[in-house]
Amino acid sequence: MDKLYIDTNNKAVTVELPQHGTVKVIVQDGKVIRTETTTSQKIR
């Protein structure tokens, strides 16, 4: 699984990327305060 690494002032945040879907990163004052991951599936 692919990962996204976000380096903030005090620590690194790791977000695992879904095979299909979206990732939202909410940032406030230069710090990641929340991540939201939505996973989707392909319809054949």
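With (1) touching a residue at least 12 places away in the same chain (Cβ under 8 Å); (2) exposed (fewer than 10 other Cβ atoms within 10 Å of the Cβ); (3) over 11 Å from the mean Cα position of the chain (by Cα) as the list, and residue 2 as the residue in question, which single condition is left unmet?
Failed condition: (3).
Of all residues in the stretch 5-44 being part of a strand (DSSP E or B) and touching a Leu at 6+ places or on another chain (Cβ under 7 Å), which is surrounded by the fewest Cβ atoms within 10 Å (Cβ to Cβ)? If you could, list the steps in order and put the result at the bottom.
Keep residues of the stretch 5-44 that are part of a strand (DSSP E or B), which gives 5-7, 12-16, 21-28, 31-39.
Filter once more, so that each one left must be touching a Leu at 6+ places or on another chain (Cβ under 7 Å): 15, 23.
Details: 15: 17, 23: 14.
Per the criteria, the residue is 23.
Readers should treat all values here as calculations from the given coordinates under stated rules, not as data from a laboratory. Only a predicted model underlies this, so the values are computations on that prediction, with no experimental measurement involved. Heads up, the Cβs are rebuilt from the backbone with ideal geometry, glycines too, and the neighbour counts pull from every protein chain shown.
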